[in-house]
Number of protein chains: 2
Amino acid sequence: MNVTGHTTRPASIRDVADAAGVSYQTVSRVINGHPSVRPATRDRVLTAIEELGFRRNATAHALASGRSRIVTVLTANTTHYGYASILQGIEEAARAASYAVGIGVLESAGEAAVKAEVQRASDAGGGLIVIAYDRAGVRALAAVPAGLPVVGVVETPASPPGGESPWVWADDRAAAHEATRHLLSLGHDTVHYVAIPSSTRRTSARTAGWRQALREAGAAEPRPLQGSWGPAGGYAAGRRLARDPAATAILCGNDDLALGVMRALHEAGRAIPDEVSVAGFDDSPLAAYLTPSLTTVRLDFTGLGRAAFGLLHGVLEESATVAPHPVSAPELVARESSGPRQHPPRHTPRQHPGAVPPT
Amino acid sequence: MNVTGHTTRPASIRDVADAAGVSYQTVSRVINGHPSVRPATRDRVLTAIEELGFRRNATAHALASGRSRIVTVLTANTTHYGYASILQGIEEAARAASYAVGIGVLESAGEAAVKAEVQRASDAGGGLIVIAYDRAGVRALAAVPAGLPVVGVVETPASPPGGESPWVWADDRAAAHEATRHLLSLGHDTVHYVAIPSSTRRTSARTAGWRQALREAGAAEPRPLQGSWGPAGGYAAGRRLARDPAATAILCGNDDLALGVMRALHEAGRAIPDEVSVAGFDDSPLAAYLTPSLTTVRLDFTGLGRAAFGLLHGVLEESATVAPHPVSAPELVARESSGPRQHPPRHTPRQHPGAVPPT
DNA sequence: CTGAAAGCGCTTACAG
DNA sequence: CTGAAAGCGCTTACAG
């Protein structure tokens, strides 16, 4: 829309140049903050830019300069709390740095599908951030062609990587360790674990942290139950655990899983925390408002997203000294769902009268 | 990465042309599916494309053709269930149509900030989808310059718009109406309402649907309580409603709000549903697993997102006949949190012994 | 400090 | 059916 109110082609640097009485190269210098422009000239150009409502064509800029100011986030999911919060953190940081953010969803973990998504993401130009908390993400990160700027948001690495690794992570291994210790400290003989889907065939960081805490305490190591990302998986696991009198403390790979576990325990007539303690992971917004409110470990996902962008930003603009972005350490938040072990455990779970399976 | 394994400049249409022994215009014709290319020529070009791993440079394509295959979603939020699900639906449909999706978050509803975000979003080229469920979104939709392809995801309009309006909506007015009728049908004298923040100064569609149902039933119309999007707002509202003996049925603008309301009622010792019935809105994944499980109205947010993209796609590519995408009608899901009115209501709420305010 | 030229990798008419 | 030219709106050396 120009001053006459008509919808026309947007103003180009040539239009600005004409209006300011300079060549378009000078306009280019002004919009790029090049120093060698006479102040008076600069002012005239700035005035013309203002009057014409000029905005640099990002596409032309990208093509000519070879740099895009775009970050594309590759992720298997955009709605679960952790993923969504990382995305939010990336977006915040990107917006502050005037980067556009694109998203590509990895719907399948199949080799071909992952490769196609990675290619699509690279087509956007700019850099990539891959959320590699699951199989699809891990594969996508591996499939990024050499030379393409990329940062991975990953689980805690098993061994400390070199200082140059383009990865960020929250210390979910330590978080799981801490949550497990919390439950053990309440007198439970051991802690059962309902896992989120693992990103690889190897043991996930959360599982490793849980296991380590059990070993340190000399506690039995029950088999982890495989969950999903949502409450349905927790519910299924919870039904099985409700039948196990030894399961007096349950750690869940995320809060949604914990919700499902609690529901299943409730239906089985197992009181929380009097008979069974439950802890989650993430401290999602719902955790504090559940009944009982959920003991969990807070993870700084938005900080993680900001850190990921910061790292990528530093790679993309070598000149810009991008300060490393701190990610808060995991923090245990003890609430009502965890409590002291009661002796002896009940061996005959009651059937709760009002139990109705969720629909 | 070329065949030699070295990181180099990606293959261009000229490289392909050289390899195939044709001019680069012919390559352009092949990748654009232009009909007038001899099959043998086409095959040679296709082979060269395959060998060189050629991918069309999207930036150059956009600049030369003037069309981007990008949809940018403008939204005040990316993490709440409704917003995130709409985004998910858009992304699915966009991916299927080989469109890139960008997101821009409206952090503030301030005039200048909104305008700046809209401009940033337009810079990406392509089309816009604006989620206009809140003040920032409504303003953004209004601030989109004429001529820019845009689709709004809006609340149910007060009056039926013309067939050409670039809007999509779920019938949240009807949904609120249905949920209210459900609660009234259980014998409650009236239904209190805890609202999500309204998008405009006018009455929101959900509020209107609730009010209409009350009027039709000749029920009293309590003042709606202003909530937020998250459980904290519901908790605050719930504390107030817990003190009101007339509040025996509460409809909440979304499920997170309902969670907070239920927590507050629990702390005040008000039994759900025996003393107070609660219903939510959206049927988020947690609703079925809460205790009590939450009565709510399911809204087809991903369908809404797909529909929004479909509409935009039709605008962007006039040739492509894009089938209108159906959005499922809202559906009441009755669960444990709503039940028959008990007579007479208790006038002296008990204090629940284990009540601990959420942290 | 400022301008003229070449080019980024494509597409779009225009010839033939 | 295929090729040569001009151009999309910028940036990047290169002159002056």
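Taking every residue in the range B:13-40 that is closer than 20 Å to B:His61 by Cα and pairing it with any residue that is modelled with pLDDT under 90 and not in a helix (DSSP H, G or I), at least 6 positions away or on another chain, the pairs with Cβ-Cβ distances below 7 Å are B:Ala17/B:Ser23; B:Thr26/B:Val37; B:Arg29/B:Val37; B:Val30/B:Val37. I'm told A:Asn77 meets every condition in (1) under 30 Å from A:Trp167 (Cβ atoms); (2) within 12 Å of DNA strand C (Cβ to nearest atom); (3) at pLDDT 90 or above except one. Can you identify the failing condition by its number? Among (1) under 30 Å from A:Trp167 (Cβ atoms); (2) within 12 Å of DNA strand C (Cβ to nearest atom); (3) at pLDDT 90 or above, the lone unmet condition for A:Asn77 is (2). With respect to B:Phe309, is the statement that it is out of contact with any Gly (no Cβ under 7 Å at 6 or more places or on another chain) and of a type in the set (Phe, Trp, Tyr) true? Taking the combined requirement at face value, the residue satisfies it. When you look at A:Ala124, is it touching a residue at least 40 places away in the same chain (Cβ under 8 Å), more than 14 Å from chain B (Cβ to nearest Cβ) and either under 15 Å from A:Thr72 (Cα atoms) or among the hydrophobic types (A, V, I, L, M, F, W, C) (or both), yes or no? It is false that A:Ala124 is touching a residue at least 40 places away in the same chain (Cβ under 8 Å), more than 14 Å from chain B (Cβ to nearest Cβ) and either under 15 Å from A:Thr72 (Cα atoms) or among the hydrophobic types (A, V, I, L, M, F, W, C) (or both).
Per-residue answers, yes or no, for (1) in contact with a strand residue (DSSP E or B) (Cβ under 7 Å, 6 or more places away or on another chain); (2) within 11 Å of DNA strand C (Cβ to nearest atom):
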{"residue": "B:Tyr24", "(1), (2)": "no, yes"}
{"residue": "B:Val27", "(1), (2)": "no, yes"}
{"residue": "B:Ala40", "(1), (2)": "no, no"}
{"residue": "B:Thr47", "(1), (2)": "no, no"}
{"residue": "B:Asn57", "(1), (2)": "no, yes"}
{"residue": "B:Gly66", "(1), (2)": "no, yes"}
{"residue": "B:Val71", "(1), (2)": "yes, no"}
{"residue": "B:Leu87", "(1), (2)": "yes, no"}
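Of the candidates A:Glu317, A:Glu331, the single residue that is modelled with pLDDT under 95 and surrounded by 13 or more Cβ atoms within 10 Å (Cβ to Cβ) is A:Glu317. Considering only residues in the range A:10-30 that are part of a helix (DSSP H, G or I) and among the small types (Gly, Ala, Ser), the one that is surrounded by the most Cβ atoms within 10 Å (Cβ to Cβ) turns out to be A:Ala20.
If we keep just the residues of the range A:173-197 that are touching a residue at least 12 places away in the same chain (Cβ under 8 Å) and among the small types (Gly, Ala, Ser), which is surrounded by the fewest Cβ atoms within 10 Å (Cβ to Cβ)? Selected residue: A:Gly187. Taking the criterion of being open to solvent by less than 40 Å² (accessible area, probe 1.4 Å) and under 28 Å from B:Ala232 (Cα atoms), the residues of the range B:153-172 that qualify are B:Val153, B:Val154, B:Glu155, B:Thr156, B:Ala170, B:Asp172. From the list B:Ala60, B:Ala84, B:Ala48, the one residue that fits, being under 30 Å from A:Ser65 (Cα atoms) and at the interface with chain A (Cβ under 9 Å from one of its Cβ atoms), is B:Ala60. Selection over the range A:284-303 of residues that are surrounded by fewer than 24 Cβ atoms within 10 Å (Cβ to Cβ) and closer than 30 Å to A:Ser165 by Cα gives a count of 4.
The values are calculated or read from the model by the stated rules, or taken from the named source; none is laboratory data. Source: prediction; values computed, not measured. Cβ sites come from the backbone with ideal geometry, for glycine too, and all protein chains shown count toward neighbours. For the accessible areas, the whole protein counts, side chains as well, though only heavy atoms, and no ligand, DNA or RNA atoms are used. Shrake-Rupley method; radii C 1.70, N 1.55, O 1.52, S 1.80 Å.
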